[in-house]
Ligand code: PAF
């Protein structure tokens, strides 16, 4: 059975022993309830490190007061079994007290400026502060040489890149491709909140992203692409937070050519889904 540690001294002892042997350590940060998307991160980290640590921690500081922290699915036994099968070496499963010794409300908080003011940062105030607060702790705890993050959380990846560069964390980031269900729905722990009817509507997000790409490539102006996407999502029953075309730095691009990303965040009932598609025009 894969080793699971929940106390910082035990984690540090294991990592120190690996480092004494000259082994490279990879980190896969997760909030648990793992699926094939997470296991692809483990596989990617494995390709760049000799030992892989996955953290499983539902981080209270990145959830807003009306968000799903309490009902977020917690499946530690299944997570450990899946991580073992995926080739992970160690599970770091800290308690809130281990992660935030003074309590989550009295923790030193981090904040990345600028890029967190838009999109999910605007719709989920404080969310990225909580993400960088916990990710910088994970980097300090695990001291990884590499760390894998999914491209599905496009803005999160951009925020973490900024964090690593600005604070000079000695870690190489490994972005991992989005893993999709056969009908195109991006894998997410939140998919299980969907009713059968909502699950049938959910792949509309991916179809909309593909339509945004095709329309932009066909020369449609950005405003038209975005309006068409909001209409398609609305017709499928979504409440749309945003459906936008951006450059790779999340700035509003002109209608010329270049690298682009289409991003959607939309709600079906009480479930908020995000997805994106990178392409060039
Ligand atoms: O992407 C996630 O699952 C979380 O935001 C992360 C990076 C594990 C931090 O809690």
Crossing angle, helix 154-167 versus the chain [Cα axis fit, 0-90 degrees, rounded to tens]: 50
When the chain is reduced to its Cα atoms, the Kirkwood hydrodynamic radius in Å: 19.7
FRET efficiency for residue 165 and residue 1, using Cβ-Cβ distance with R0 set to 41 Å, rounded to 0.05: 0.60
Projected label distance in nm at residue 157 and residue 117, using a 7 Å step from Cα toward the beta-carbon: 2.5
C-alpha long axis of helix 36-48 to longest principal axis of the chain, angle in °: 60
Cα long-axis angle, helix 222-235 against the chain (0 to 90 degrees, to the nearest 10): 80
Segment 125-281 - share of DSSP beta bridges that are antiparallel (%, nearest 5): 80
Three semi-axes of the equivalent ellipsoid, segment 1-110, Cα gyration tensor, whole Å, largest first: 24, 18, 12
Beta bridges by DSSP in the chain, antiparallel share as percent, to the nearest 5: 50
Choice from 132, 108, 52 with maximal GNM fluctuation in the chain (Cα, 10 Å cutoff): 108
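With 10 angstrom as the radius, rank 177, 105 by how many other C-beta atoms surround their C-beta, starting from the fewest.
Taking fewest neighbouring Cβ atoms as first place, the list is 105, 177.
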Exposure proxy ranking, count of Cβ atoms within 10 Å, fewest first, for 152, 43: 43, 152
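Could you work out the Rg to Rh ratio of segment 77-146, with Rh taken as the Kirkwood radius (inverse of the mean 1/r over all Cα pairs)?
When Rh is taken as the Kirkwood radius, the ratio is 1.05.
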Hypothetical label at residue 96: residues of segment 104-128 whose amide nitrogen lies under 16 Å (7 Å Cα-Cβ projection): 104-108
Convex hull volume of segment 74-205 per residue (C-alpha atoms, cubic angstrom): 149
Projected area, mean over directions - segment 151-247, Cα convex hull, nm²: 7.9
Hydrodynamic radius of segment 20-72 per Kirkwood, over alpha carbon pairs, in Å: 12.7
Exposure proxy order (Cβ contacts within 10 Å, fewest to most) of 27, 245, 174: 174, 245, 27
Computed FRET value (nearest 0.05) for residue 210 with residue 21, which takes r as the C-beta separation and R₀ as 41 Å: 0.30
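Throughout, read-outs are computed from the coordinates displayed, never taken from laboratory work. All values reported here derive from a predicted model rather than from experimental measurement. Please note: Cβ atoms are built from the backbone with ideal geometry, for glycine as well, and neighbour counts cover all protein chains shown.
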